[in-house]
Amino acid sequence: MKSERIDHIGIVVKSIEERLSVYRDLLKLEVTGIEELPERGLKVAFIKVGDTRIELLEPLSENSQISKFLESRGEGIHHIAFRVDDVKAAIEEAVSLELKPLSREPESGAGGTKIVFLHPKSTGGVLMELVEGHH
């Protein structure tokens, strides 16, 4: 597996609408979409920065993973996502390297992507997402 680029950086926020002023109004970046993922308990805003993106992640419910992160750590960087050609093969390669995927099967991500997260304890403290496809 070889990743050619960062797909996106995920940033947890209390309110997408409040934080858009920084990205859209101050930095003049293009908001390319906002999507709700009720099965994951979050709302996502996609912001284009060159050929990568920022994803603002807002919790939709108090029991989502994002709300737990927000409660314990506050707003801020949640994860870095790398684009891969084949996420299933990437999971197998990660396991062979003794990294710890949070799932042995790809999950559905925003925009029809296939994703897996790697546990930060196995990647030096960084929650990494591997993404197949693009939004």
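The values are calculated or read from the model by the stated rules, or taken from the named source; none is laboratory data. The structure displayed is predicted, hence computed values, not measured ones. No Cβ is skipped: glycine too gets one built from the backbone with ideal geometry, and neighbour counts run over all protein chains shown.
Here GLU98, GLU71, GLU92, GLU55 are screened, and the one residue that is modelled with pLDDT of 95 or more and assigned to a helix (DSSP H, G or I) is GLU92. As a summary of the residue check, LEU60 satisfies the conditions (1) farther than 21 Å from ILE6 by Cα; (2) surrounded by 20 or more Cβ atoms within 10 Å (Cβ to Cβ) except for the one numbered (2). Of all residues in segment 107-135, those that are free of Cβ contacts under 8 Å to residues at least 40 places away in the same chain and either part of a loop (DSSP other than H, G, I, E, B) or in contact with a helix residue (DSSP H, G or I) (Cβ under 7 Å, 6 or more places away or on another chain) (or both) total 11. The numbered conditions (1) at pLDDT below 95; (2) exposed (fewer than 13 other Cβ atoms within 10 Å of the Cβ); (3) more than 17 Å from the chain's Cα centre (by Cα) are all true for ARG5 except (3).
Applying the condition of being surrounded by fewer than 19 Cβ atoms within 10 Å (Cβ to Cβ), in contact (Cβ under 8 Å) with a residue 40 or more places away in the chain and aliphatic (A, V, I, L, M) to segment 79-96 and asking which residue is farthest from ILE11 (Cα to Cα) yields ALA89.
Pick out the one residue from LEU37, LEU29, LEU57 that is under 18 Å from ALA81 (Cβ atoms) and touching a Phe, Trp or Tyr at 6+ places or on another chain (Cβ under 6 Å).
LEU29
Do we find that GLY76 is touching a Gly at 6+ places or on another chain (Cβ under 8 Å), closer than 19 Å to THR52 by Cβ, surrounded by fewer than 17 Cβ atoms within 10 Å (Cβ to Cβ) and of a type outside the set (A, V, I, L, M) in this structure? Here the answer is no, as GLY76 does not meet what is asked.
If I ask for residues that are part of a loop (DSSP other than H, G, I, E, B) and not hydrophobic (A, V, I, L, M, F, W, C), which ones from segment 74-89 would you list? Scanning segment 74-89 gives GLY74, GLU75, ASP85, ASP86.
Being of a type in the set (Lys, Arg) and at pLDDT below 95 holds for only one residue in ARG24, ARG40, ARG83, and it is ARG40.
What tally of residues in segment 58-68 results from selecting those that are out of contact with any Pro (no Cβ under 8 Å at 6 or more places or on another chain) and either closer than 23 Å to VAL31 by Cα or part of a loop (DSSP other than H, G, I, E, B) (or both)?
Taking segment 58-68 first, the residues out of contact with any Pro (no Cβ under 8 Å at 6 or more places or on another chain) are 58-59, 61-65, 68.
With the extra rule that they be either closer than 23 Å to VAL31 by Cα or part of a loop (DSSP other than H, G, I, E, B) (or both), the set shrinks to 58-59, 61-64.
Looking only at that region, the number is 6.
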